Amino acid sequence: MVGVGCSRMVEQVSGDARPRQGAGRCHWGKPPGVTENSLLPCAAIPPGARICCWRQPCLHLLPAPITQRHQRVQVAAAGPDCPSGLLHLPLLLRGNWGSSHCSHPLTALAPIALHCEGCEQGWRCERMGVATAGVGTGAMTGGAGQGDYKAAKFTINLYVVNEPWVFSLTWCSRINLVTTDNIQLPRQINYPDYSMVEQLFYPFLVIAFCVSLVLLFVWIETSNEYHGFDWVVYLLTGYWYFWSILLLSLFGILVVYTSLLLILGFLLIREGYELYLYWCHKILVMLVILICAFFLSILCIYWKDRWLTFGLSLKVFAPHVHLTMITLMVLLSWPVAYYLVHLEQEAAQVAIGLPFFLILLFLFVVPWGFYSPCVENKNKLGPKPALFGHRGAPMLAPENTMMSFEKAVENDAFGLETDVFLSIDEVPFLMHDHNLRRTTNIREVKPNESYTATSFFYWKFLSTLNAGEWFVDPWKKPFYNMKPLSEADEEKAGSQKIPKLSDYLDIARKTNKYVIFDLNGPPPKHPLRSTYVRRVVDVILKSKIEQHLVYWLPGFDRDYVRWRAPNFQHVGRLDPVAELKKENISIINVDYKRLFHNGLSDYKAANFIINLYIVNEPWVFSLAWCSKINSVTTDNIVLLRQINYPYYAMTPKSYVFLWVLLDCISAVFIFTVFYFHWWRENLREQVFERTSSYTGKVGGLPHCYPLPQGMGSAFHVTDKC
């Protein structure tokens, strides 16, 4: 088809025909000057062909399968006396294979770029009896008989092709040859530039990966809220399921999918190919962006507390995230250095290099400007926070049952937390939800009244309901990380009943445990609508529990409570310090997310006793410990009682040592990576300069490379010019 160098030519031969003398010459008898990329890496291999073709010299080439239709091409090492063999990278992600317009490169010849000085009219020569027509790009690509020339088996040369988009169009149109003033053009294009849509999809892929990773990280960090999220979804849908774990799995799948596409796409682009995804991948990438945008908007609008939890997690993980990010930047230095060395445009170098070095500099100095309570000396660490069992021990027994409180006592709970309602006949009992559907068998006993408010039932009926069968049902268990129950515990849990407030106070009195509870006011038309606090105080006093063991949380009718039970310990909410002091309150019970963002230091300075709810994850408990919190309310009492030292804590000296050490190692490594790429590129340029003028014979290579059987034509290497 076209000569390489000056003496050895590559030409196509049909059947047993022999190469013709003078094949490939220009009309004035001189072999055409051809770029070092005489056949681009995407040149086609006709079905059943043997091929021997060359490209520019390089230091190494990796053999790779061509496609499922082609065997592996054997290659020789490159060097001054041995040009590199042509390889075809398996393009795993590309679509539109074999289409009528933009064919896959393995089914269409790449244009061969010629640099013909003084040949204004193109070629006028014969090659194996096929005429060559020289025409302008506007005439041929504009529809002026392109199909007729192809049907007549003309070899087409277009002039003058200097822009990448024109070269890509000729490639997609299966043009054989182009004449160009920009002899470096074929080196710069290894795949047709189909459209701006194709170019935009790699940024979209990067965006999809980033937003899915952020969403996954936020969801993992807010694992302390999984049970609350499942409960809210249950209230909306009426079905109990681990919705939080389902979403966690979904976000994980999105991250894995986009990361695989991103890595494979990066490898393709690194080898000089465009991404060109299948349409199914394009649709899925856009779908990932939409899904992540939807859930992030939901979190921003309806679940802002998640962002508070995410911010708190940084207080614990910030030192470890910082060290991890430096390691990640070291890994990224390799591709960044590669592109900075190979890019020729200064604007592109600045666009890639400047953000990289600014982020790296920020990571090197950021520890000077941040504070983490978990970076603290051991002698300054406060005592371990005490544990209140939230509704008892709900991971070991049905919540708000006597078995649950017994399990909490067995696990050394400091106190017992619960929720109190009053029946229509003025009996205080324990229940969390405002109806009985989730934790009792009301739907089996009275399905028509399953949505009736809890306080509108008589105690005689409430005492007959089963409050434990739901707990042993595998489809209704409240926590995904619950341990299996023993046979005895499973039988006991399945027979639990709704307890009265007096039963709860009795176990606290016998075990000398503190009690704290939310008192739910009766709905309108209830007989105790205005006097429910007084009724509950009477029940507490009749239980004979020591008054100092009662953490009184309800704010309604507090003056009466102080008069009737002067030794109750009154507990406030997250109110201003001055207002709490005015009401003579020295204990606060607050949501852990809001306290850390609303002046923890002010409450500590005023010597308030602080109880946080609900703390289930070790990292939240560790943060509370490092922040010198007095007690926490937890569902996971078994795990937290086993923690003897805060997770993720380190001393300031240890952190500074790791920080300085990692900064120095990373700086040396990144400098070495950049120097290596610069040195290798210089070496390649030197090799190319030595081999670009090589005109001798290529020794040590076979006559041709065999491909699948059944071929009717071959590419031969010949000395005839």
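The values are calculated or read from the model by the stated rules, or taken from the named source; none is laboratory data. What you see is a predicted model; the values in this text were computed from it and never measured. Using ideal geometry, Cβ is built from the backbone for each residue, glycine included, and neighbour counts are taken over all protein chains shown. Heads up: the accessible areas ignore ligands, DNA and RNA and are worked out on the full protein's heavy atoms, side chains in. Shrake-Rupley method; radii C 1.70, N 1.55, O 1.52, S 1.80 Å.
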With T = 37 °C, eta = 0.692 mPa s and Kirkwood Rh from C-alpha pairs, the Stokes-Einstein D of segment 386-642 in µm²/s is about 172 µm²/s
I want to verify the translational diffusion coefficient of segment 265-374 in µm²/s; compute it with Stokes-Einstein, Rh as the Kirkwood radius over Cα pairs, at 25 °C and 0.890 mPa s. 139 µm²/s
How many times 2.2 N^0.38 Å is the alpha carbon radius of gyration of segment 195-317? 1.23
Largest to smallest accessible area among 280, 292 [probe 1.4 Å]: 280, 292
Overall dimensions of segment 467-599 as given by Cα atoms, namely Rg and Dmax in Å: 18.5, 53
Computing the accessible area with a 1.4 Å probe over protein heavy atoms, can you report the carbon and sulfur percentage for segment 195-317? 81 percent
How far apart, in nm, are two points set 7 Å out from the Cα along the Cα-to-Cβ line at residue 675 and at residue 461? 8.4 nm
Label model pair residue 380, residue 683: point-to-point distance (7 angstrom along the Cα→beta-carbon line) in nm is 5.1 nm
Nearest 5 is fine: what % of DSSP beta bridges in segment 386-642 come out antiparallel, could you say? 15 percent
How much solvent-accessible surface does residue 220 expose, in Å² to the nearest 10, with a 1.4 Å probe and all protein chains in place? 80 Å²
Determine the per residue accessible area of segment 386-642 with all protein chains present and a 1.4 angstrom probe, expressed in square angstrom. 43 Å²
In what order, largest first, do 290, 262 sit by accessible area if the probe radius is 1.4 Å? 290, 262
The percentage of the accessible area of segment 386-642 (probe 1.4 Å, all protein chains present) made up of carbon and sulfur atoms, to the nearest whole number, is 48 percent
Determine the shape class of segment 400-529: with a ≥ b ≥ c the square roots of the Cα gyration tensor eigenvalues, call it rounded for a/c under 1.5, and otherwise prolate if a/b is greater than b/c, oblate otherwise. oblate
Kirkwood Rh and Cα Rg combined as Rg over Rh, evaluated for segment 524-639: 1.02
Can you put 658, 595 in order of accessible area, largest first, using a 1.4 Å probe? 658, 595
The answer for the net charge of residues other than residue 222 whose Cβ lies under 12 angstrom from its Cβ, with Lys and Arg +1 and Asp and Glu -1, is -1
